[in-house]
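Working notes, beginning with the structure itself.
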Amino acid sequence: MRRSTAPHPPTGGNMAKIPTLAVIVISAALILGAGCITDTDDNAQSYNIVWADTPPADHKAIEAKLSHQIAPYPGAVYGNVTVSASEKDGGMRLHVSAASPTCRYPDLYDFVYMNHELTKTGYLLEAIPEATRQDAIGIAMQNPEIAGVLSGGVGAGVPTVRRILPETAEEFYVPKTCISVTWADASVSALVDMGTGSVVETWGVGG
Amino acid sequence: MKIKTVSMILAFLLIAGAGIPAVAVAVAEVHIPMPVAPPMMVSMEDSPDPTDMDFQKLQISPRHSHTELMPGESDEITVTVTNKNNVTVPVNHRVVDQPYSEYTFEEDWITITPSSAELGPDDEMEFTIAVAIPDEADSGQYSLQVAFTDDVIPSPYPSPYPMYINAFDLHISVWKPPVIQIQPSYIHDRVESGKGYDYEVNLKNIGEEEIEIDPKPGGERWYGYDMGMAQAFENDAIMIDAPPVVPAGGTATVTVHLSVPDGAKGGYEGGLDLNINDPSIDEWGGMIHLSFEVWTQPTEPFVKTFAVGSFEPITIEITSQQYRHYTCGGGSGGSEDEDPSFDVTLKESSGDPATLTRTMAAYSGSVNLGGSDCTPPWEIDSIGMYNEGRTSYVERYTADGTVGEWELGILPRYAEEFEYTITIGDSG
């Protein structure tokens, strides 16, 4: 295995050459600009990227693109990100497992890298901080429909708790990161908005 | 409206009435403050000739309604009553509790407006039935009937309770959101005799007061195993460790340790009664279903004898199927079982072992792709949603066959079941 590090912002080795006034102006602009940022970029965080096999020749370019397409659950950080690569139709299939030290399960991503383009083809995001995970289950269980199914005598095991990306959540609710709490054995699921602490959609109840 | 031809109705009532006395006995001691007409013991001599009965049939829409309310909540239902008769019908409704109602619906929980009416021919009137559940109401099922007239279905036989003709049936489920959350609500596992297993049940109290718990094995009656079915082991094989309370806003873990006795065979179906002191949890809701299947590793092989009539190769194929019983989705949780394998022997009738060559081993499975009934629509985009419902493992052996009797021995390891095929000659 070979380890490398995701791109970091420049550390400013030439800063001393920049006039003091310019530093002040730039700093002020950055501070003012921060108020306009609505989607914080977690990709700038540092984590280790481990290639399961020999990294491809252009692994640096792939890692740079990767860092813009994977992000942990808000408030969590990725520790190790493991990439498994395999050839596919002249391109490369990448399976990415991103683990967080504060989360029980990893986030999994699938990408296809072809013609210098990295395309996400699937994801299964279970790297959710334990407290948030339990809160999501609790919110789901307070939903009358879900509670009705779970207390209906069929029994229910431990649910899966998965992050739903905004582009998917938009189809059912609004473009916002949500959490899906699913009791597969009872065939019920709740789409939870952690911001409002509410269940915004249910599946498998009353059917 | 003069009814001359009610023989069909009466025939139905005669059949339905056969089971009524048992109900009457069952409810004899229930305290029902709402007016319930006393049983009418009518002898055959006293009963009117059904064909001479007069009653007014009103059209009532809807006839039934079911609603779910929490204590403190209220609801309104509008019922339309239409008089299709050619005479005016006085409507003086009354609320009648139903004898089969789980709980008693108090009369002051319901208001009906208007309080009375006169419905002329073809008149139609809406009655508003307002229901208000008080804060102290018990969770459960409440059934009541609003009878708009006193007309009852005539019966030549004793009728325990009047069956009102012009009535609206209302069923109300009073429920409270549980303050304590339990997961999982069942534990199912395949276990081996002589081994120990640990399981956890996590409780979360979202209320503002601590809740007492006192988990104990029990609840067999809930799962229908108190009727003489042999259990693989008794409740004393299950040790429970739990704190006495779940703190307000906190969590608690109930630890269940199972020591499967040596030599145990069969299964165990039972329950873990958490004995939660929370009125929002009913008796069923506070129960964890325990289901264990005791698996015993055979020590003696399965033996099959067969005859070979010529010098031909013998091919033996053994297949083991595994099923996932209680899950229909992928993802987290669950434990992996050991992979199955087989110890295979082949002997001639003389007792000499034949040389078996394993020529093939294969794993196969049946995988359901995403979008199945087990996948919520917002998880369709996720990978890893493959649902492997069945897997199988196959081993194939060959040996040089000679004329005579042969004996195949198969000792399975970690296999729920297996199938075998003995092919004599070209196996294709």
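Since every read-out is calculated from the coordinates, none of them should be taken as a lab result. All values reported here derive from a predicted model rather than from experimental measurement. A quick note on method: Cβ atoms are made from the backbone with ideal geometry, for glycine too, and the neighbour counts reach across all protein chains shown.
Zone of A:His116 (label point 7 Å along Cα→Cβ, backbone N under 20 Å): which residues in the range A:83-101?
A:88, A:90-94
Within 10 Å of each Cβ of A:161-170, how many other protein chain Cβ atoms are there on average?
Across A:161-170, the average partner-chain Cβ count within 10 Å equals 3.
Along the charge dipole of the range B:67-121, which of B:Thr111, B:Thr78, B:Pro90 sits closest to the positive end, that is, farthest toward it, with unit charges on the beta carbon of Lys, Arg, Asp and Glu (+1, +1, -1, -1)?
Farthest towards the positive pole: B:Pro90.
Anything over 28 Å Cα to Cα? Flag those among B:Lys176/B:Lys216; B:Lys195/B:Lys304; B:Lys176/B:Lys204, in the order listed.
Table pairs above 28 Å Cα-Cα are B:Lys195/B:Lys304.
When Lys and Arg each count +1 and Asp and Glu each count -1, what net charge do the other residues less than 10 Å away from A:Val158, Cβ to Cβ, add up to?
-2
Evaluate E = 1/(1 + (r/R0)^6) for B:Glu312 and A:Asp53, where r is the Cβ-Cβ distance and R0 equals 60 Å; express this FRET efficiency to the nearest 0.05.
Taking R0 as 60 Å, the efficiency between B:Glu312 and A:Asp53 is 0.80.
Using a cut-off of 14 Å between beta-carbons, work out the net charge of the residues near A:Ser86 (Lys and Arg +1, Asp and Glu -1, A:Ser86 not included).
Spelling it out: positives minus negatives among the neighbours equals -2.
Can you tell which of A:Ala169, A:Gly138, A:Ser180 lies farthest toward the positive end of the dipole of the range A:70-203, using +1 and -1 charges on the Cβ of basic and acidic side chains (Lys, Arg; Asp, Glu)?
Towards the positive end, the residue furthest out is A:Gly138.
Check the straight Cα-Cα distances from B:Lys57 and name the lysines below 16 Å, setting aside those fewer than 8 residues away within the same chain.
B:Lys2, B:Lys4, B:Lys84
Enter the Cα centre distance for the pair the range B:85-118 and the range B:136-173, rounded to the nearest angstrom.
9 Å
State, to one decimal in nm, how far the label point of B:Glu300 lies from the label point of A:Phe172, with both points 7 Å from Cα in the Cβ direction.
Computed distance between label sites B:Glu300 and A:Phe172 equals 5.5 nm.
Calculate the FRET efficiency for B:Arg190 and B:Thr421 from the Cβ-Cβ distance with a Förster distance of 22 Å, rounded to the nearest 0.05.
0.25
In a shell of Cβ-Cβ distance under 13 Å around A:Glu201, excluding A:Glu201 itself, what net charge do Lys and Arg (+1) and Asp and Glu (-1) give?
-4
What is the ratio of the Cα radius of gyration of the range A:122-175 to 2.2 N^0.38 Å, where N is its residue count, to two decimals?
Relative to the 2.2 N^0.38 Å estimate, the range A:122-175 comes out at 1.30.
Extending each Cα 7 Å along its Cβ direction at A:Lys60 and B:Asn202, get the distance between those two points in nm, one decimal.
The answer from the label model is 4.3 nm.
I'd like the mean, over residues of B:173-183, of how many other protein chain beta carbons sit within 10 Å of each residue's own Cβ.
Mean shielding count: 4.
Quick one: if you stick a label point 7 Å off each Cα along the C-beta vector at B:His171 and A:Lys88, how many nm between them?
5.1 nm
Could you give the length gained by full extension between B:Asp75 and B:Val245, i.e. 0.36 nm per residue of separation minus their alpha carbon distance, to one decimal place?
57.6 nm
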